[in-house]
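**Q** What follows is a single structure, and I will ask about it in a moment.
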Amino acid sequence: MAQTVQLQNEQILKNAITKNPLAPNIVNVEIIPTELPSRPEAIEAPSFQQAASEAFAKRPDVQEMAINILNGQIDVSATRNALLPTATLTAQYGSVGLAGNQSTFTSATIAGAPIVDATGAPIPVNLSRRLR
């Protein structure tokens, strides 16, 4: 398996270097690395107690139960808040007055031209008497 991966990586490198990786002078070329890969550092295996405690802490069903408990506490808090009394304050302001009949004065026009007196001031007309 390692040799197959090495041959695949060589072919990828040939594809990147040349325009035609299937050329007869490129197909049989072997790529030799100049540096050998380094071995990874040894990892110390954890003790059984450490491995068991880590596995228990990372179990999805335990994490799900902890989240469900937290959600239950939030639900209890929301229900307690919903049971508290509420106070609503509403205000309204209105003004009503009795002033009687108001006379509305405006200037009158005939054929679009205003009616004026001798001084040129418009003559006011009482519309409230005309509308009755």
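Laboratory data are not the source of any read-out in this text; all were calculated from the coordinates shown. Not measured: the values here are computed from a predicted model. Here Cβ is always computed from backbone atoms with ideal geometry, including for glycine, and neighbour counts include all displayed protein chains.
**Q** Do any GluC sites (Glu not before Pro) in segment 14-82 lie in a loop, going by DSSP, with at most 10 other beta-carbon atoms within 10 Å of their beta carbon, and if so which? Can you show the working numbers first?
**A** Values: sites: GLU30, GLU35, GLU41, GLU44, GLU54, GLU64; in loops: GLU30, GLU35, GLU41, GLU44.
Of the GluC sites (Glu not before Pro), the ones in loops of segment 14-82 whose Cβ has at most 10 other Cβ atoms within 10 Å are GLU30, GLU35, GLU41, GLU44.
**Q** Run the paramagnetic zone check for ALA66: 7 angstrom along Cα to Cβ, then residues of segment 41-57 with backbone nitrogen under 11 Å.
**A** So the set is 56-57.
**Q** Using a basic spin-label model with each label point 7 Å from the Cα along Cα→Cβ, how many nm lie between ALA45 and ILE74?
**A** Taking the two extended label points, one gets 4.2 nm.
**Q** Based on alpha-carbon centroids, what's the gap between segment 66-91 and segment 1-38 in Å, whole number please?
**A** Each part's Cα centre sits 67 Å from the other's.
**Q** I need the trypsin sites (Lys or Arg not before Pro) found in segment 1-94, filtered to DSSP loop residues with at most 11 other beta carbons within 10 Å of theirs.
**A** For trypsin sites (Lys or Arg not before Pro) across segment 1-94 that sit outside H, G, I, E and B with at most 11 neighbouring Cβ atoms in 10 Å, the list reads LYS19, LYS58.
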